[in-house]
Amino acid sequence: MILYGRDMSPFARRVAIWCDLQGREVERRQLLVAGPQWEEIKAVNPLGRVPALVLDDGEVLVETAAIIDHLEETAPEEARLLPAGGAERRRTLQDIAYATSTAEKIVALVYDKVRRPEEFHYPAWIERLEGQIRAGIQVLEGRVPEAGWLSRTDQPMGGDIAVAIAGEMVEVVFPDLDVGDTPMLDRLVADMRGLPAFAETRPKP
């Protein structure tokens, strides 16, 4: 399989880590969406978005949730990173939902505050995004247990991946943004850094 998307994309990174923890071999093509490599990405996904996963038979899957749905469906039961059902599955999917929403706002702030020329900045919108990121990080902080994984198992699962990526991303991209105290989230990120799949995909600012 071939995965399009840089580690700076929290969504491409999530798919990469998911594949690694499931023991899948994936070729990475870390292309920059905002640069001239966009044309190469559009050849795979006409919308020019990442992640995009090219399966071994040439089929292309786009959008994180759809890709992960395929990975979960085709993985052996012992390698799946989502609970099968019930309250545990709902809790995990909500962990992922809050992490996804927070990561989306971080990406939006990158475009509005970093990539957009300063004369075109919209201060009220930037303030709104920063507030949403702060709120999202605090929600994630409240969902992380004092010890162990979000999955309440002896190994990290899908919720741990998504939440830790969001927590680390704001630290990497906007280190001066005050998101409040996050001792539980910091602890989770530190624990995830013990996994090569997480540590080796840490984005570089």
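All of the numbers you see were taken from the coordinates with simple rules; none came from a lab. As the structure is a computational prediction, the values presented were derived from the model and not from experiment. Note that we place each Cβ from the backbone using ideal geometry, even for glycine, and neighbour counts take in every protein chain shown.
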Set of region 142-162 residues, backbone N closer than 18 Å to the point 7 Å along the Cα-Cβ line of ALA197: 149-162
³J(HN,Hα) computed for each position of region 193-201 - Karplus, 6.51 cos²θ - 1.76 cosθ + 1.60, integer Hz, glycine/proline x: 5, x, 9, x, 4, 7, 4, 6, 9
Among ALA166, ALA87, ALA16: highest mean-square fluctuation, GNM of the chain, C-alpha pairs under 10 Å: ALA87
Relative contact order of region 2-79, defined on C-alpha pairs under 8 angstrom at six or more residues apart (%): 32 percent
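Can you tell me the relative contact order of region 1-139? Whole percent, Cα pairs under 8 Å, sequence separation 6 or more. Could the numbers behind the result be given before it?
On the way: 145 pairs, mean separation 25.7, N = 139.
Across region 1-139, relative contact order equals 18 percent.
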Straight-distance crosslink candidates among aspartates and glutamates, where the alpha carbon sits under 15 Å from LYS204 and sequence neighbours closer than 8 are dropped: ASP7, GLU168, GLU171
For ARG143, net neighbour charge (Lys/Arg +1, Asp/Glu -1) across residues whose Cβ lies under 9 Å away: -1
Expected 222 nm ellipticity per residue - DSSP helices of 4 or more, -39500 (n - 2.57), all of the chain, to 500: -16000 deg cm²/dmol
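Could you pull out the trypsin sites (Lys or Arg not before Pro) across region 103-161 that fall in loop regions by DSSP (anything but H, G, I, E, B) with no more than 13 other Cβ atoms inside 10 Å?
Passing sites in region 103-161 are ARG152.
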Inter-label distance, nm, simple model (7 Å from Cα along the C-beta direction), GLU72/ALA147: 2.9 nm
FRET efficiency estimate (nearest 0.05) - Cβ-Cβ, ALA190 to ALA79, R0 41 angstrom: 0.95
Loop GluC sites (Glu not before Pro), region 37-84, which have at most 14 other Cβ atoms in a 10 Å radius of their Cβ (DSSP): GLU59
In nm, spacing of pseudo-spin labels at ILE126 and ASP56 (7 Å Cα→C-beta vector): 4.9 nm
Two-site label geometry, GLN94 and ASP154: point separation in nm, points 7 Å out along Cα→Cβ: 2.8 nm
Choice from ALA162, ALA65, ALA124 with maximal GNM fluctuation in the chain (Cα, 10 Å cutoff): ALA124
